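We did not get these values from a lab; they are worked out from the coordinates using the rules stated. Because the structure is predicted, anything quoted here is derived from the model rather than measured. A quick note on method: Cβ atoms are made from the backbone with ideal geometry, for glycine too, and the neighbour counts reach across all protein chains shown.
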Amino acid sequence: MHQGLFSIDEARQLILDGKTLLIAGAEELLAQLPLGDWIGGTSPYFIAPNHNGMIAHEQLFISDISKIADSCYIKAYDKNELTSIYNEAGEGGFSVIIIPATSSVHASFALDAPTYDNFGSQPLIGWIAGAPIDQLGERRPRVFNGKKGESYIDHAIIMHVNIVKSKSIDIGHINIFSQGAGDTLTFLEDGFSFTHVLVNGVKVNFTDYIVTNDIDIRLPLIADYYGALVNISLQDVDAKRGVRFYAPVFTGIKYKWAAPLGNYGETLSNKIKSIDLESSEIVFSCNCILNYLHSHLEGNKNEQFTGLISYGEIAYQLLNQTLVYLIVSDI
Amino acid sequence: MSLPTKTNPKWEEIVTGKRTYTLKFLGAKILLGRLIRTIDADPSPHNISVAVNELHALYSKNVTIQSAKDDLRTIFG
């Protein structure tokens, strides 16, 4: 078993059996789990094996990484401690991070992750914990340290994993978008929210620009990081507040609007089918809530992908509207 | 393949953007996104040296990862 839905009793047994687990689910369920080698975060949306996309209040989504985990070290980090996560990681393994959405660590990680000391010393993957969409703003997303039985609304939880010597891992990501050929957007400072933007070098009111040009705000801005396309998804557009993003934009980066998609769901499905795993297998994956919503995955099956649905994906840095996965192969 | 030393000129060519390669290792792509931006803003010898050190360290610590191995073959043959 690598990933799937489990009852609270089944989850409890896996922990008591000494498994190393990544767990997503409702706060009330996560709070009932016994101590053990697990970390967790609130997230109610899943695509489980043999299930449609679903919201599950009575079950937990578990990724069992026991087969590759030789040992693990679990620690909660506040926003000031996050800069040292790579220095505290091991060598040759990987680290899994879960961050509560809208917390100070969420903002801090989003802005600073690429500048952390010893960046990428081992792969970092994870997700942003959330809440049911109709309860956002009422319920604070929460992360859990299974080793200590503690939970947090303003810390990241990280599991640093030493892997067994016979295995090798890597992080992959799927982005269904490509850069369009239109305007180039740049920003005068790093941040999540802007009233003005430089469009082809000319400063304009951002909201007016979007309205006047009839921009489809389901489409993200895209930056090209040496061939890795990184999406910046729009949260909302307001005449007074300006434009808010789910992830930060940075000065010095050139952004372009994503090229329009044909059928969102079909594009996502085809992209997932194209993953070339060769002799590897996926042991953890998460897909963005925006992909889930825009592809109408709730109630619909996506045979190629199982995993939790996140409020942001992490593959070394915060990503949006992306699917990230951890693959393992024999050495 | 073994990791070429930091004095191999190809490291500097990558971080300065003089040569581009189609890389697979996601960690390197994200790091290069930042390094090249930094050097664009201030291409001082110090900044280039720091960038080479960072990129070299990243690959040296991830040499068991297949995508990193593939990149080294792509860059250094």
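Residues of the range A:13-29 with an amide N closer than 20 Å to a point placed 7 Å from the Cα of A:SER7 along the Cα-to-Cβ direction: A:13-19, A:23-29. Put a dot 7 Å past the Cα of A:ASP78, heading toward its Cβ, do the same for A:ILE217, and the two dots end up 3.5 nm apart.
So for chain B, averaging the separation of alpha carbon pairs under 8 Å that are six or more residues apart and normalising by length, what relative contact order in percent results? Mind dumping the intermediate values first?
Values: 63 pairs, mean separation 36.3, N = 77.
Relative contact order here is 47 percent.
In plain terms, the residue of A:HIS296, A:HIS160, A:HIS173, A:HIS106 with the fewest other Cβ atoms within 10 Å comes first and the most crowded comes last, giving A:HIS296, A:HIS173, A:HIS160, A:HIS106.
For the protein assembly as shown, give the magnitude of the charge dipole about the Cα centre (Cβ charges: +1 Lys/Arg, -1 Asp/Glu; no others), in debye to the nearest 20.
So the dipole magnitude of the protein assembly as shown works out to roughly 720 debye.
Close lysine pairs were tallied over the range A:45-181: pairs 8 or more places apart or on different chains with Cα atoms under 17 Å apart number 4.
Taking 41 Å as R0, compute the FRET efficiency from the Cβ-Cβ separation of A:LYS254 and A:LEU35 and round it to 0.05.
With a Förster radius of 41 Å, E is 0.25.
Under the convention that each Lys and Arg Cβ holds +1 and each Asp and Glu Cβ holds -1, the size of the dipole of the range A:15-84 around its Cα centre is about 160 debye. Between helix B:66-76 and chain B there is an angle of about 60 degrees, using the helix long axis and the longest principal axis of the Cα atoms. The phi torsions of the range B:28-44, fed into the Karplus equation with coefficients 6.51, -1.76 and 1.60 and a -60° offset, translate into couplings of 5, 4, 5, 4, 5, x, 7, 4, 5, 5, 5, 6, 4, 6, 8, x, 6 Hz, rounded to whole numbers, with Gly and Pro shown as x. Loop-located chymotrypsin sites (Phe, Trp or Tyr not before Pro) in the range B:9-72 (DSSP state other than H, G, I, E, B) with a sparse environment of at most 16 neighbouring Cβ atoms within 10 Å: B:TYR21. Averaged over the residues of B:19-32, the number of partner chain Cβ atoms lying within 10 Å of the residue Cβ comes to 6.
At most 10 other C-beta atoms within 10 Å and a DSSP loop state: those are the exposed GluC sites (Glu not before Pro) I care about. Give me the longest piece of chain A that has none. Segment A:1-90 is the longest.
Comparing Cα centroids, the range B:1-29 and the range A:48-82 end up 34 angstrom apart. With contacts taken as Cα pairs under 8 Å and at least 6 residues apart, chain A reaches a relative contact order of 22 percent. GNM on chain A, alpha-carbon springs under 10 angstrom: the most fluctuating residue among A:GLY36, A:GLY137, A:GLY146 is A:GLY137.
Comparing A:VAL283, A:VAL164, A:VAL211 in a Gaussian network model of chain A, where Cα atoms under 10 Å apart are tied by springs, the biggest mean-square fluctuation is seen for A:VAL211. A full extension of the chain between A:LYS165 and A:GLU28 corresponds to an added length of 45.6 nm, given 0.36 nm per residue minus the alpha carbon distance.
Annotation: amide H of A:ALA247 within the under-5 Å range of A:SER233, sequence separation 5 or more or interchain, hydrogens built in the peptide plane.
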